[in-house]
Amino acid sequence: MNACTRLELGLADCAQETLPDTALALPVYDTRNATTADQWVLEETPVALAYNGITHAVMLATPQDLEDFALGFSLSEDIVRDRRDVFEIDIAARAQGVEVALRIAGSALHRLKQTRQMRTGRTGCGLCGVESLAQFSTPSPVVADRTRVRAAALHRAMASLPDHQRLHQLTGAAHAAGWADADGKLLLVREDIGRHNALDKLIGAMACSGLPPAQGFCVLTSRASYEMVQKAARAGIGLVAAVSAPSALAVRVAQQAGLTLAGFVRNGQHAVYSHIDRVE
């Protein structure tokens with residue numbers, strides 16, 4: 001297997017031949033048997049998001065489902081408030097990474113210019129570009145949906161999530177965010193080396209597919225942090241179930257936003273931290 005072998009995983013047709021690799025097969029020394037063999041390693045690539053010619057953010061992400069990522073990021077960061085405000089998304093490989101150019105409505109661009117934060121995002125970053133405590137304390141929107149599900153649905157969705165994590169199966173390095181219906185059947189899954197990016201990709205995919213947030217819930221392979229809960233609330237998602245723990249701030253934000261937050265959803269057990277009456 002060549003060290004530069006490319007793994008094709010559903011990249012956008014417009015740039016599939018030129019985008020960076022999603023994963024690479026690299027020679028790795030294994031101490032268990034004292035041999036060197038090729039192993040798939042997940043890629044992270046700088047992805048610049050530009051709106052009407054203005055670069056707004058540079059994020060490190062896995063170069064897959066970048067149209068979903070761009071749309072989801074735009075929605076979850078309140079740059080646009082409806083997918084119809086995004087007129088066009090162009091993806092192009094550059095020497096240093098990938099540029100995603102979005103053409104958005106004038107009203108959205110005006111709002112972006114008023115609150116613009118130039119930032120370099122990292123895969124584990126939550127507050128990149130926030131310049132003041134006032135910006136950080138901006139409240140999340142209140143979720144209109146009052147999603148109610150049975151506990152069995154949470155576990156059905158979480159238990160089936162690994163079967164849809166092709167990147168993680170291959171590399172062991174990808175987070176996933178999935179969307180399930182009220183019965184726990186997974187309808188969409190997106191993966192990325194960054195947990196925030198995986199959720200943004202899911203939000204974008206949901207918007208493209210027209211899936212209503214009121215008719216399901218989100219499952220995450222990561223912990224539930226403040227920014228993950230805030231992104232979900234901005235997307236109108238009423239219930240988030242994570243395989244690991246939430247932070248105390250995430251619980252407070254979920255409570256204020258009217259979002260049900262569950263953690264430690266694994267092995268038939270779970271904990272509900274906010275609006276506990278909505279998990280039956």
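Brief remarks on what is shown
- Accessible-area composition of segment 169-252, carbon plus sulfur, in percent [1.4 Å probe]: 52
- Cα gyration tensor, the chain - rounded (a/c under 1.5), prolate or oblate: oblate
- Charge-dipole axis of the chain as Lys and Arg at +1 and Asp and Glu at -1 on Cβ define it, positive-most pick from Ala105, Thr115, Phe87: Thr115
- Taking a straight Cα-Cα cut-off under 22 Å and skipping sequence neighbours fewer than 8 places away in the same chain, the lysines within cross-link reach of Lys201 are Lys185, Lys231.
- Top of Leu187, Leu66, Leu154 by mean-square fluctuation, Gaussian network on the chain, Cα under 10 Å: Leu187
- Placing dummy labels 7 Å off each Cα toward the beta-carbon, the span from Asn267 to Asp82 is 4.8 nm.
- Length gained on full extension, Ala144 to Ala37: 33.3 nm, using 0.36 nm per residue less the C-alpha separation.
- Nearest-0.05 FRET efficiency for Ala214 and Ala159, computed from C-beta distance (R0 25 Å): 0.60
- When the Gaussian network model of the chain links Cα atoms closer than 10 Å, the mean-square fluctuations of Leu202, Leu112, Leu60 top out at Leu112.
- Placing +1 on the Cβ of every Lys and Arg and -1 on the Cβ of every Asp and Glu, with nothing else charged, gives the chain a dipole about its Cα centre of roughly 920 debye.
- Per residue value of the accessible surface for segment 56-111 (all protein chains in place, 1.4 Å probe), Å²: 42
- Residue-span extension gain [Ala93 to Lys113] - 0.36 nm each, minus C-alpha spacing: 4.6 nm
- Inter-centroid distance (Cα atoms) of segment 224-239 relative to segment 147-209, Å: 14
- Length gained when the stretch Ser244-Lys185 is fully extended (0.36 nm per residue, less Cα-Cα span): 19.2 nm
- The protection proxy used here, the mean number of other Cβ atoms lying within 10 Å of each residue, ranks peptides 23-29, 251-257 as follows, highest first: 251-257, 23-29.
- Each of the peptides 77-89, 166-178, 235-247, 31-43 was scored by the mean count of other Cβ atoms within 10 Å over its residues; in descending order, highest first, they stand as 235-247, 166-178, 77-89, 31-43.
The values are calculated or read from the model by the stated rules, or taken from the named source; none is laboratory data. Keep in mind the model is a prediction, meaning the values are calculated, not measured. Backbone-built Cβ (ideal geometry, glycine too); neighbour counts: all protein chains shown. The accessibility values were calculated without ligands, DNA or RNA, using every heavy atom of the protein model including side chains. Shrake-Rupley method; radii C 1.70, N 1.55, O 1.52, S 1.80 Å.
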